[in-house]
Every structure is written in structure tokens, then in C-alpha cells.
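Down below is the structure, laid out as C-alpha cells.
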Amino acid sequence: MVTQKRKFLYQPQLLTSCIYWSWTLIVLFVGIIIWLEITHFQNITLAFLGLFLLLCWLQIYFRRIYITKDEIEIHRVLNPFGKKIKISDIHHVSAKRNTVRFETDKKTYTLLLPTNSVIEFTELIGHK
């Protein structure tokens with residue numbers, strides 16, 4: 001039973017995470033290439049570094065899961081207000097070392113979480 005709102009940081013499934021982080025690293029590499037072509041540090045290089053750090057922060061900060069007494073909110077980078085799922089609508093929960101997979105009537109969710117968060121997440125939603 002959840003007595004307060006619990007927060008977890010997550011990443012989407014492995015292949016999706018690889019694609020998102022690859023696009024983020026492209027911004028860093030473009031900044032490095034511009035820096036090396038000009039042969040000294042420029043403002044544009046600083047702008048690309050700042051953009052890279054901003055994208056990293058966005059991808060980590062906005063991917064959160066909140067669990068309350070009867071629902072789960074999954075926040076994403078492009079949907080920071082989140083999707084709400086009732087815990088009673090969740091079925092077929094499976095947990096592996098760093099992955100939680102669960103289904104609702106409409107969609108299957110696969111989330112990458114730290115190992116301790118996987119254990120706590122499955123206990124909070126009441127599925128073993």
C-alpha cells in the first residue's frame with residue numbers, strides 16, 4: 001500500500017534509449033567537430049556543449065514515474081504532464097534485473113529502472 005507519492009527515474013526500453021541517446025551524442029560530436037575544424041574554442045562550440053547538457057538534463061529529469069495509492073503516472077520528455085494508468089488496469093507484470101514490463105488493455109510498457117527500484121516498483125503495484 002502506498003501512503004505517499006513515490007517517484008522513480010526510468011529510461012524507455014533498451015533500443016529506444018539507444019536511439020534517443022545517440023541523437024543526443026550527435027549534438028556533442030558536432031560541437032567537437034566544429035571546435036577541431038576552427039582549431040580554437042568558439043562561442044558556437046560553447047553553444048553546442050550547452051545544448052548537449054540541456055538535452056541530457058531533459059532526458060533524465062522528465063522521465064519519471066509517480067506511484068500513488070491507485071494510479072501510476074508516467075512522464076516522458078515529449079509529454080511532461082504524464083499518462084495516468086490505474087493500478088487495477090495493470091496485468092501481466094514481469095520484472096527482471098533492471099527491467100519492468102507490464103500490460104494494460106491498450107499497451108505494453110517496458111521500462112528500465114535501477115535494480116532496487118524494480119523491486120520496490122513491483123511491491124508497490126501489488127504484483128509479484
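The values are calculated or read from the model by the stated rules, or taken from the named source; none is laboratory data. This one's a predicted model, so the numbers in the text were calculated from it and none came from an experiment. Glycine gets a Cβ as well: all are built from the backbone with ideal geometry, and neighbour counts include every protein chain shown. With ligands, DNA and RNA removed, areas are computed over all heavy atoms of the protein, side chains included. Shrake-Rupley method; radii C 1.70, N 1.55, O 1.52, S 1.80 Å.
Observations on the structure shown:
- Degrees separating the helix 115-124 axis from the principal Cα axis of the chain, which is the longest one: 40 degrees
- Restricting the stretch 39-123 to chymotrypsin sites (Phe, Trp or Tyr not before Pro) that sit in a DSSP loop and have at most 13 other Cβ atoms within 10 Å of their own Cβ leaves PHE41, PHE81.
- Degrees between helix 43-61 axis and first principal axis of the chain (Cα, 0 to 90, nearest 10): 0 degrees
- When +1 charges are put on Lys and Arg Cβ atoms and -1 charges on Asp and Glu Cβ atoms, the dipole computed for the stretch 4-111 relative to its Cα centre reaches about 520 debye.
- Its Cα gyration tensor gives the chain an equivalent ellipsoid. The semi-axes, each the square root of 5 times an eigenvalue, are 37, 14, 12 Å from largest down.
- Among the protein heavy atoms, those of ILE85 account for about 10 Å² of accessible surface (1.4 Å probe, every chain in place).
- Rounded to the nearest 10 degrees, the inclination of helix 14-38 to the longest alpha-carbon principal axis of the chain is 10 degrees.
- Working from Cα pairs under 8 Å separated by at least six residues, relative contact order for the chain is 26 percent.
- The stretch 47-93, dipole about Cα centre (Lys/Arg Cβ +1, Asp/Glu Cβ -1), debye to the nearest 20: 60 debye
- Straight-line cross-link partners of LYS107 among the lysines, defined as a Cα under 18 Å from its Cα and at least 8 positions apart when in the same chain: LYS83, LYS84, LYS86.
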